[in-house]
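Inspection log for the structure reproduced underneath, given as structure tokens.
The values are calculated or read from the model by the stated rules, or taken from the named source; none is laboratory data. Keep in mind that this is a model prediction, so the values were computed, not measured. Cβ coordinates were reconstructed from backbone atoms using ideal geometry, including for glycine residues, and neighbour counts include every protein chain displayed.
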């Protein structure tokens, strides 16, 4: 393209772009009610610690840690400095048959906080990629052991495991599945763990039905035969479906059944990892160690996209100690940006921040205060259940007849107008604030929600 034509096109583009509000036609927004958004945009221009600011300068309390990810709060100095320094020093390094030092340093730092035994790390760029990576590891592991018939996956109803084809196949949220055809074959699903009749308004882990619900796995094994099943994948706490907790004994019984039948257990800790439950990981909080653990979000505080899969050493050794020439790639999988230098720098500084401020366990210190605030909403108009653990909570609302999701969405809009950001999933209001939140800010977060709910 010559310079005259190029300048003409730029002039035409500028002429059609408003001076203060960006043009909104080109950007296809993810997971957004686009028509509603573009009719009344909610733009964020700046962030620091517990707050966003709009372009007009209005302060918004972040009640959801960005999107379950900014666990240490926004624009933390150590993380900002690390990323700025890294981009000037080494902006990119190819991860295939090459590497840079920080990727190894980060992996070693991470396994200091993971449950014992999960001591091999594979870097990805998101939770969705972490899930698909773990699924491929599971199938490849069994094949390498001479059990190539083990190709089936067992997910769970209402589970969320990202949006790639593997993730939506093992996931169990109908809205994420119905549009995209048959997905992966050979997938079955456990029953979900939500039982409001017995466990409604639970503070922390529900008491009833855990082992009984886990026994559903035995039914599925009997149907398909253990020799066909590679792995079971569950979230320790199902976040995106509305903060659904595992009843007491549930995860422990899943572990026992998987061990009995030689099935790998995968925990999706993309949301629960890095302090959200008041412990470094959900596996830590519940005392159950999976064979593979997927993470993202809080690993880099949301500053630079990153994910990681943690694996037991036996899985890694099975897949890498193969009978082939030394130059042959053992596990044919990876991403252009696996262990990206900027992401590694951000993650190392994030781990420093977590350690220096005790953030990986701060959720446990504030759990009771957060629970008291949330459960005080019981009895307000349309509230039908409240759930919490660590620094994550949910308030479930009765749906409007014929308009599922609208009541919660209206509450979300009103909270934003009042300077507080919450998240909706169906007719559930979810809250997962940065782990640096103060008690006064908990009061503001839940108090604003209460004011909106009182409007009826």
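In region 18-53, how many are surrounded by 10 or more Cβ atoms within 10 Å (Cβ to Cβ) and over 19 Å from residue 302 (Cα atoms)?
Within region 18-53, residues that are surrounded by 10 or more Cβ atoms within 10 Å (Cβ to Cβ) and over 19 Å from residue 302 (Cα atoms) number 13.
In region 119-148, how many are under 30 Å from residue 30 (Cβ atoms) and either in contact with a strand residue (DSSP E or B) (Cβ under 7 Å, 6 or more places away or on another chain) or crowded, with 21+ Cβ neighbours inside 10 Å (or both)?
18
Output the residues belonging to region 335-365 that are part of a loop (DSSP other than H, G, I, E, B) and either without any contact (Cβ under 8 Å) to a residue 40 or more places away in the chain or closer than 17 Å to residue 74 by Cα (or both). So that I can check it myself, show each step before the final result.
Keep residues of region 335-365 that are part of a loop (DSSP other than H, G, I, E, B), which gives 335-340, 358-361.
If the condition is that a residue be part of a loop (DSSP other than H, G, I, E, B) and either without any contact (Cβ under 8 Å) to a residue 40 or more places away in the chain or closer than 17 Å to residue 74 by Cα (or both), then 358, 359, 360 are the ones that fit.
Confirm whether residue 312 is touching a residue at least 24 places away in the same chain (Cβ under 8 Å), within 21 Å of residue 48 (Cβ to Cβ), out of contact with any helix residue (DSSP H, G or I) (no Cβ under 8 Å at 6 or more places or on another chain) and surrounded by fewer than 23 Cβ atoms within 10 Å (Cβ to Cβ). Outline the logic, then answer.
Working: touching a residue at least 24 places away in the same chain (Cβ under 8 Å): yes; within 21 Å of residue 48 (Cβ to Cβ): no; out of contact with any helix residue (DSSP H, G or I) (no Cβ under 8 Å at 6 or more places or on another chain): yes; surrounded by fewer than 23 Cβ atoms within 10 Å (Cβ to Cβ): yes.
Criteria not met by residue 312.
If you go through region 147-166, how many residues are in contact (Cβ under 8 Å) with a residue 60 or more places away in the chain and either under 14 Å from the mean Cα position of the chain (by Cα) or in a loop (DSSP other than H, G, I, E, B) (or both)?
9
When you go through 380, 366 one by one, which is the residue that is modelled with pLDDT of 95 or more and under 30 Å from residue 399 (Cβ atoms)?
Testing whether each residue is modelled with pLDDT of 95 or more and under 30 Å from residue 399 (Cβ atoms) leaves just 380.
Give the residues of region 416-443 that are part of a helix (DSSP H, G or I) and more than 19 Å from residue 379 (Cα to Cα), sorted by residue number.
Within region 416-443, 416, 417, 439, 440, 441, 442 qualify.
Condition check: assigned by TED's automatic domain parsing to the domain that holds residue 108, outside any strand (DSSP E or B), at positive phi and crowded, with 16+ Cβ neighbours inside 10 Å. Does residue 298 satisfy that?
Answer is no for this residue.
Is it the case, given these coordinates, that residue 408 is more than 17 Å from residue 243 (Cβ to Cβ) and in a helix (DSSP H, G or I)?
On the way: more than 17 Å from residue 243 (Cβ to Cβ): no; in a helix (DSSP H, G or I): yes.
So residue 408 fails the test.
With 347, 398, 343 as the choices, which residue is in contact with a strand residue (DSSP E or B) (Cβ under 9 Å, 6 or more places away or on another chain) and in the same structural domain as residue 446 (by TED's automatic domain parsing)?
Values: 347 fails: in the same structural domain as residue 446 (by TED's automatic domain parsing); 343 fails: in the same structural domain as residue 446 (by TED's automatic domain parsing).
398 is the lone residue from the list that is in contact with a strand residue (DSSP E or B) (Cβ under 9 Å, 6 or more places away or on another chain) and in the same structural domain as residue 446 (by TED's automatic domain parsing).
Which of the following residues is crowded, with 20+ Cβ neighbours inside 10 Å and more than 24 Å from residue 48 (Cα to Cα): 291, 323?
Answer to the check: 291.
With out of contact with any helix residue (DSSP H, G or I) (no Cβ under 9 Å at 6 or more places or on another chain), outside the structural domain of residue 394 (by TED's automatic domain parsing), more than 18 Å from residue 308 (Cβ to Cβ) and crowded, with 24+ Cβ neighbours inside 10 Å as the only criterion, which of 197, 238, 222, 214 stands out?
Criteria check complete, one pass: 238.
How many residues are over 14 Å from residue 431 (Cα atoms), over 22 Å from the mean Cα position of the chain (by Cα) and crowded, with 17+ Cβ neighbours inside 10 Å when one looks only at region 359-379?
The number of residues fulfilling the criteria is 0.
I'd like to know if region 105-120 contains one or more residues that are without any contact (Cβ under 8 Å) to a residue 40 or more places away in the chain, within 27 Å of residue 318 (Cα to Cα), in contact with a helix residue (DSSP H, G or I) (Cβ under 6 Å, 6 or more places away or on another chain) and not in a helix (DSSP H, G or I).
Looking for residues that are without any contact (Cβ under 8 Å) to a residue 40 or more places away in the chain, within 27 Å of residue 318 (Cα to Cα), in contact with a helix residue (DSSP H, G or I) (Cβ under 6 Å, 6 or more places away or on another chain) and not in a helix (DSSP H, G or I), one finds none in region 105-120, hence no.
Could we say that residue 91 is surrounded by 14 or more Cβ atoms within 10 Å (Cβ to Cβ) and modelled with pLDDT of 95 or more here?
So residue 91 does not fit the description; no.
If residue 225 satisfies every condition in (1) in contact (Cβ under 8 Å) with a residue 40 or more places away in the chain; (2) closer than 28 Å to residue 137 by Cα but one, which is the exception?
Residue 225 satisfies all of (1) in contact (Cβ under 8 Å) with a residue 40 or more places away in the chain; (2) closer than 28 Å to residue 137 by Cα except (1).
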